[in-house]
């Protein structure tokens with residue numbers, strides 16, 4: 001298939017789009033674009049395919065033997081699970097830190113307690129059953145701590161429970177075979193230290209959902225959207241043990257909260273990041289608020305750096321991630337998990353507008369308006385960022401660094417360049 | 001030295017000596033003086049050094065400012081007979097409304113709680129929002145609609161004779177009575193600090209650069225203002241908008257409320273105790289208000305608990321009665337049936353805060369500014385007694401809702417006569433929309449950040465006239481769409497979503513850019 005040249009008079013077909021997720025936020029977004037027509041999935045007649053992770057996996061699987069053409073892009077990386085499955089993400093991030101440590105990279109410096117100074121963004125986490133013994137050891141050291149157990153491959157709060165006695169784990173691991181709750185015995189779980197002092201606003205616990213677009217891993221090109229939201233628990237937070245069973249107190253997933261009695265249809269427990277920032281700036285000061293958001297960008301950046309070399313770079317792929325972050329009382333952000341298929345189910349009017357905007361901005365970056373798809377063409381930095389901000393563009397940074405070197409050498413300046421490069425930090 | 005100057009100085013000395021601060025200065029001087037001075041000169045020098053102390057200088061400045069502003073306050077109460085009458089009749093309606101609720105529910109206006117209830121309530125206090133439920137049997141005392149309908153019905157008994165041959169444009173609108181309004185030219189003078197050539201917080205510069213030198217300057221000026229501790233400087237700074245992190249110091253200074261001493265905190269704790277031991281009939285109405293307004297709003301739902309706590313305390317704070325000293329409204333006198341069968345006439349609620357539906361919207365935005373409940377409380381009561389209370393009062397006072405409504409109509413007619421005529425001819429009354437926005441000072445309609453930016457200016461200019469100006473500015477902003485609507489529902493759709501409206505640039509545009517669209 002070739003891309004027809006844009007005729008000056010009538011809009012030619014630029015992009016054939018397809019999706020297997022029939023959500024209005026995606027279809028309406030494609031339909032309104034000039035030069036975009038609906039393609040055909042059966043005949044592989046598409047340029048832009050917004051798919052579920054399952055479809056992508058089957059497209060890339062060896063059995064189908066299908067290769068994407070130069071004019072085809074798809075909404076997932078084939079091995080996205082390295083980032084989006086909880087156990088893989090944890091393993092990759094741990095390995096990344098170890099690698100940096102081995103290199104003697106100052107980023108991997110540790111404090112006197114053996115904690116990473118700059119890369120301590122994951123709550124203490126172990127993989128079950130593999131790390132069971134290490135976990136038990138750790139638990140014995142801090143017997144009063146609370147831990148949260150999640151199935152590695154499930155989303156939306158399914159199968160999550162809290163644990164504060166080792167017996168609860170033992171029972172679970174003994175019962176594992178034959179239990180109805182866990183149908184697949186080989187299912188992997190992760191167990192993470194529960195953040196005991198989360199930041200509460202209006203007495204309620206919340207987590208942060210940020211949208212991150214990655215168009216390439218090597219070189220890393222990633223963008224963070226300014227529109228994200230906080231998800232609030234509907235019930236007042238208590239750290240008391242009696243409430244351990246009440247998941248509404250602890251879990252902020254909308255999918256879970258929706259079943260709570262207190263769920264509100266108007267706002268859906270969602271609060272914009274803009275409002276969070278306004279609140280933090282007002283009540284904690286600008287410096288503290290800026291630092292908190294800088295650290296969020298920092299952890300997103302390094303979680304993606306940890307995937308370099310693990311997630312295969314494929315020019316046909318881009319991916320929109322939903323990052324879940326919890327902020328603690330000291331305004332320190334913690335990475336909880338990353339979702340590959342952020343929910344496109346829209347709950348409220350504002351929610352729909354926000355998701356529509358994010359997808360619109362995302363398409364403008366992966367296929368610039370008025371252009372077709374051609375993965376052979378090397379594109380510069382996106383012209384229209386919309387609500388996205390550049391988190392990292394290593395290609396552009398390299399380019400700028402080269403230009404700068406040239407300028408420096410011309411000026412005879414051998415000092416280190418101090419100019420801000422095209423990344424947030 | 002001229003005699004005029006001397007008398008001025010004498011006046012100042014007099015003011016200072018009469019003020020609370022005067023005593024403390026006198027004490028300071030007294031304590032620091034040794035028993036015997038060698039000479040008169042030494043005494044004078046000592047006095048001079050004391051008075052040049054920066055802190056004392058500030059206090060003197062603020063004291064003079066307070067003295068001066070006392071005279072500027074609208075002293076005379078309403079003198080127009082038929083408006084006094086209208087206000088009185090309105091209050092009678094409200095009393096009736098409260099009495100109806102009391103008899104329907106079979107409850108006293110106020111009653112001490114039993115021990116069991118106190119313990120129960122105390123347990124719930126920290127998470128009041130979640131624990132208390134809406135009870136739809138309690139209807140609001142009055143809503144915007146009630147007040148709106150009432151205002152539209154007010155007539156000047158003498159007006160008929162003046163219609164013929166006189167300027168009649170005022171009668172096109174819904175506010176049928178003649179009221180003096182300020183035209184755009186005069187508003188430009190009054191709000192000159194909003195003009196386009198000054199830099200403002202809340203106005204994005206055309207070049208979208210990250211570091212904005214102009215904004216940095218404003219921020220510097222703001223932090224200087226907040227450290228100056230001078231009321232007039234803080235007021236002036238608020239006119240240009242305040243950054244989120246400086247509001248918690250600049251607003252209290254500009255409003256001249258003390259949030260540093262423990263006094264406010266102790267008062268709030270006492271009010272909390274009152275809430276926990278005495279129940280009011282109106283409590284459920286306050287709970288309903290929070291539940292269906294601010295707690296049901298994208299911007300404010302997280303602040304359900306603080307909003308409710310502050311509101312319940314405010315209902316009991318007799319200090320809020322001060323709002324009636326400069327207004328022709330009066331607290332409601334209700335009959336409370338006592339347990340022993342007797343009756344007593346009481347001002348009700350004890351604070352005089354008669355909640356218009358949506359009153360919680362005056363509190364929730366403050367939760368973005370302060371984290372301590374008592375600070376939210378003190379700021380709310382200061383703003384309500386000085387400004388927002390006027391949004392429920394019928395009088396000729398420029399800040400009263402009657403005058404603001406009239407201003408809105410006159411401003412729209414002045415700048416966009418065609419738009420006004422078009423809407424009227426389709427049977428759409430622009431005031432119907434503006435009224436909703438104005439009565440809650442735009443909270444619940446604009447985004448939280450925009451509400452705070454607008455309130456910055458209300459505090460800075462000490463004027464609610466910004467509300468009709470902002471409302472007209474929104475009509476101007478949406479005018480090309482509004483010119484095409486034919487039905488009320490269409491206008492509703494055009495004006496429904498104000499989510500992405502940046503209000504300050506619109507106000508600037510409205511006041512300082514002549515109308516080109518419709519000429």
Is there a residue in segment B:448-459 that is within 14 Å of chain A (Cβ to nearest Cβ) and over 30 Å from residue B:247 (Cα atoms)? no
Looking only at segment A:190-211, which residues are away from chain B (no Cβ under 14 Å) and within 19 Å of the chain's Cα centre (by Cα)? A:190, A:192, A:209, A:210, A:211
Would you confirm whether any residue within segment A:329-341 is within 14 Å of chain B (Cβ to nearest Cβ) and modelled with pLDDT under 85? no
Filter result for residue B:377 (over 22 Å from residue B:454 (Cα atoms), buried (at least 23 other Cβ atoms within 10 Å of the Cβ) and either free of Cβ contacts under 8 Å to residues at least 24 places away in the same chain or away from every other protein chain (no Cβ under 14 Å) (or both)): no
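Yes or no, residue by residue, for (1) over 23 Å from the mean Cα position of the chain (by Cα); (2) modelled with pLDDT under 60:
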position: A:167; (1), (2): yes, no
position: A:181; (1), (2): yes, yes
position: A:188; (1), (2): no, no
position: A:213; (1), (2): no, no
position: A:219; (1), (2): no, no
position: A:242; (1), (2): yes, yes
position: A:274; (1), (2): no, no
position: A:277; (1), (2): no, no
Failed condition for residue B:432, given (1) crowded, with 19+ Cβ neighbours inside 10 Å; (2) within 21 Å of the chain's Cα centre (by Cα); (3) more than 14 Å from chain A (Cβ to nearest Cβ): (1)
Taking segment A:357-387, which residues are within 14 Å of chain B (Cβ to nearest Cβ), assigned to a loop (DSSP other than H, G, I, E, B) and buried (at least 17 other Cβ atoms within 10 Å of the Cβ)? A:386, A:387
All-but-one check, residue B:356 against (1) surrounded by fewer than 21 Cβ atoms within 10 Å (Cβ to Cβ); (2) within 16 Å of the chain's Cα centre (by Cα), failing number (1)
Filter segment B:361-373 down to residues that are touching a helix residue (DSSP H, G or I) at 6+ places or on another chain (Cβ under 7 Å), within 14 Å of another protein chain (Cβ to nearest Cβ) and either modelled with pLDDT of 95 or more or farther than 12 Å from residue B:311 by Cα (or both), then give me how many there are. 9
Could we say that residue B:85 is surrounded by 13 or more Cβ atoms within 10 Å (Cβ to Cβ) and closer than 19 Å to residue B:154 by Cβ here? yes
Which one of these does residue A:354 not meet: (1) at pLDDT below 95; (2) under 18 Å from the mean Cα position of the chain (by Cα); (3) more than 14 Å from every other protein chain (Cβ to nearest Cβ)? (3)
Yes/no for residue B:304 being touching a helix residue (DSSP H, G or I) at 6+ places or on another chain (Cβ under 9 Å), surrounded by fewer than 23 Cβ atoms within 10 Å (Cβ to Cβ) and part of a helix (DSSP H, G or I): no
Scanning segment B:247-283 residue by residue, those under 19 Å from residue B:194 (Cβ atoms) and within 14 Å of another protein chain (Cβ to nearest Cβ) turn out to be B:247, B:250, B:251
Would you please list the contacts, defined by Cβ atoms under 9 Å and residues six or more apart or on different chains, that run from a residue in segment B:185-201 that is more than 17 Å from residue B:241 (Cβ to Cβ) to a residue that is loosely packed, with under 13 Cβ neighbours inside 10 Å? B:188/B:195
Residue check, residue A:266 facing chain B (nearest Cβ under 8 Å), touching a residue at least 24 places away in the same chain (Cβ under 8 Å) and on the phi < 0 side of the Ramachandran plot: yes
Taking the conditions exactly as written (modelled with pLDDT under 85 and surrounded by 20 or more Cβ atoms within 10 Å (Cβ to Cβ)), does residue A:83 satisfy them or not? no
Scan segment B:57-107 for residues that are in contact with a helix residue (DSSP H, G or I) (Cβ under 7 Å, 6 or more places away or on another chain), over 27 Å from residue B:232 (Cβ atoms) and modelled with pLDDT under 85 and jot them down. B:78
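Let's see how each residue does on (1) surrounded by 21 or more Cβ atoms within 10 Å (Cβ to Cβ); (2) in a helix (DSSP H, G or I); (3) touching a strand residue (DSSP E or B) at 6+ places or on another chain (Cβ under 9 Å):
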residue: B:238; (1), (2), (3): yes, yes, no
residue: B:241; (1), (2), (3): yes, no, no
residue: B:249; (1), (2), (3): no, yes, no
residue: B:260; (1), (2), (3): no, no, no
residue: B:265; (1), (2), (3): no, yes, no
residue: B:269; (1), (2), (3): no, yes, no
residue: B:285; (1), (2), (3): yes, yes, no
residue: B:288; (1), (2), (3): yes, yes, no
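The values are calculated or read from the model by the stated rules, or taken from the named source; none is laboratory data. No experiment lies behind these values; they were computed from the predicted model shown. Backbone-built Cβ (ideal geometry, glycine too); neighbour counts: all protein chains shown.
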